Amino acid sequence: MGSSTHYRRILLKLSGEALMGSADYGIDPTVIGRLADEILEIQKEGVQIGVVIGGGNIFRGAGLQANGMDRVTGDHMGMLATVMNALAMQDALEKRGGEARVMSALPIHDVCEDFIRRRAIRHIEKGRVALFAAGTGNPFFTTDSAAALRAIEIGADLLLKATKVDGIYSADPARHADAKRYDHLTYDQVIERKLAVMDTAAIALCRDQRLPMRIYDMGVADNLKRIIRGEAIGTLVDPG
């Protein structure tokens, strides 16, 4: 851990939609490049990093189900989309001189490694960014749940969820001008108030393991670095 950093190891959750930038679909190379720069910048400060990326910019299982597709099939397609996003992030990191490994919850040996907890921790300790793909490997579980699970498995000090808003609000701030932004909440408050920040399974996992999480706006430059240095950016969710 660097002298100016407050965390030894973090798990960063990026939504697939975050990679689209201003586009309607796919990956914006400018956005993924900026995110790679930010990840490598905090890594240079001594922070060990695992990353979970969603697949909503390509496929979303629940959305496919709504259009008539079998949910399990749709979720498997969504898992494969997260592998594509993780490979793109690996490429962006390596082009900038970083080291990264994609580890999938679904076996795809010709493309990336299987997720093995001890190997993942070894990669992180060796200074590689571990990119965890294919969610939990199970249908009906979101990549939020995968992020909470992987954060706990690797012994992260903090789960960070990068979003397009600057924290958790009492209602959708895009629709409700009077929505209140929270600086701090407990896990139970998030669940009881049905605040749509992560799914309930992910929140419950973090609560049971007392893993703090912070939700922040990834669109603001240096937010990630400022959080790592201890600044209260976004909304903190912890035991209270």
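What follows draws every value from the coordinates through simple rules; no lab data is involved. This one's a predicted model, so the numbers in the text were calculated from it and none came from an experiment. Note: ideal-geometry Cβ built from the backbone for every residue, glycine included; neighbour counts use all protein chains shown.
What to note about this one:
- Close Lys pairs in the chain (alpha-carbon distance under 28 Å; sequence gap of 8 or more, or different chains): 27.
- Counting only DSSP beta bridges whose two residues both lie in the chain, roughly 15 percent are antiparallel.
- Peptides 164-172, 137-145 ranked from most to least packed, by the mean per-residue count of other Cβ atoms within 10 Å: 137-145, 164-172.
- Helical contribution to [θ] at 222 nm, DSSP H n ≥ 4, -39,500 (n - 2.57), averaged over the chain, rounded to 500: -11500 deg cm²/dmol
- The smallest convex shape that holds all Cα atoms of the chain, its convex hull, gives 124 Å³ per residue.
- Modelled spin-label separation between residue 180 and residue 109, with each label point placed 7 Å from Cα along the Cα-to-Cβ direction: 5.6 nm.
- Using C-alpha pairs below 8 Å separated by at least 6 residues, the relative contact order for the chain is 21 percent.
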